[in-house]
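Everything below concerns the one structure shown next.
The values are calculated or read from the model by the stated rules, or taken from the named source; none is laboratory data. Model, not experiment: these values are computed from the prediction. Reconstructed Cβ throughout: ideal geometry from the backbone, glycine too, with neighbour counts over all protein chains shown.
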Amino acid sequence: MKKAYRIMSGAIFITLIISGMAGAFEISAGNVSGKPGEPLLVPVNISNVGTGLNLDAFSFMMQFNSGILSFDETTGIDKTGTLTENFTLVKGKVIENGKLKINGALFGTPLLAGNGLLLKIKFSATSKGTSELKLSGFIDDVKASATKDATITVVEIGDIDHSGKIDLKDAVLTLKVLAQIGLGGQVVYKDADVNGDGKIGLEEAVYILQHIY
């Protein structure tokens with residue numbers, strides 16, 4: 001049976017030190033889920049902008065575990081419906097194995113950007129595991145910034161106890177949750193749910209039983 005995975009991206013907090021601004025703004029990524037081979041869109045949001053940010057160019061580096069995640073340079077950046085939708089160019093390029101450079105440029109009047117969705121990065125999960133996202137060198141026009149790292153964890157859907165495999169133990173745990181029976185100290189990980197609702201229920205029980213039988 002084809003295995004499914006969830007990709008959990010921890011918050012990416014990039015504190016940009018911009019001269020002339022009263023405070024710093026942040027960029028953060030949200031959680032997504034999917035199956036191997038399917039595009040997994042990681043939304044990158046901008047917040048704490050204040051009155052607005054004149055933005056016409058930016059770039060940053062991102063390192064990831066290429067044994068867990070893959071990036072397609074042709075389709076890897078999606079700016080549809082984002083603050084950078086009108087940018088002339090937003091592109092990601094793998095400069096070496098597991099190291100990605102993202103550039104954006106607007107040839108014209110700078111965009112007065114506020115809080116919202118900056119761009120979307122497409123990854124595919126190739127195997128389960130944990131990949132750190134190491135960000136560095138974020139530059140807004142000619143102004144440098146400080147960055148903080150993040151983590152992406154790829155979890156096999158249905159692996160309720162995070163044992164690394166789907167087995168009878170996962171089925172039993174799920175049925176206990178459904179019956180509201182005590183778990184005896186066992187931990188149920190909701191990030192392994194099937195439909196992305198963050199709950200363990202009937203759909204998870206059916207999926208696990210179909211997988212092991």
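When only residues in the stretch 70-102 that are part of a loop (DSSP other than H, G, I, E, B) and hydrophobic (A, V, I, L, M, F, W, C) count, which is surrounded by the fewest Cβ atoms within 10 Å (Cβ to Cβ)? This residue is F71. Scanning the stretch 99-115 for residues that are more than 17 Å from N65 (Cα to Cα) and either at pLDDT 85 or above or not assigned by TED's automatic domain parsing to the domain that holds S47 (or both) turns up N103, G104, A105, L106, F107. If you go through the stretch 195-208 and keep only what is modelled with pLDDT under 85 and closer than 14 Å to L173 by Cβ, you end up with nothing. Looking across T126, T74, one residue alone is in the same structural domain as L41 (by TED's automatic domain parsing), closer than 28 Å to V155 by Cβ and in contact (Cβ under 8 Å) with a residue 12 or more places away in the chain. It is T126.
Among the residues of the stretch 152-190, write down those that are among the acidic types (D, E), surrounded by fewer than 17 Cβ atoms within 10 Å (Cβ to Cβ) and not in a loop (DSSP other than H, G, I, E, B). Of everything in the stretch 152-190, nothing turns out to be among the acidic types (D, E), surrounded by fewer than 17 Cβ atoms within 10 Å (Cβ to Cβ) and not in a loop (DSSP other than H, G, I, E, B). For the stretch 74-95, filtering for residues that are closer than 12 Å to I121 by Cβ and in contact with an Asp or Glu (Cβ under 8 Å, 6 or more places away or on another chain) leaves 3. Looking only at residues in the stretch 50-69 that are farther than 20 Å from S136 by Cα and under 19 Å from the mean Cα position of the chain (by Cα), which one is surrounded by the fewest Cβ atoms within 10 Å (Cβ to Cβ)? Result: G67. Filtering the stretch 194-213 to residues that are assigned to a helix (DSSP H, G or I) and not acidic (D, E) leaves L202, A205, V206, Y207, I208, L209, Q210, H211, I212.
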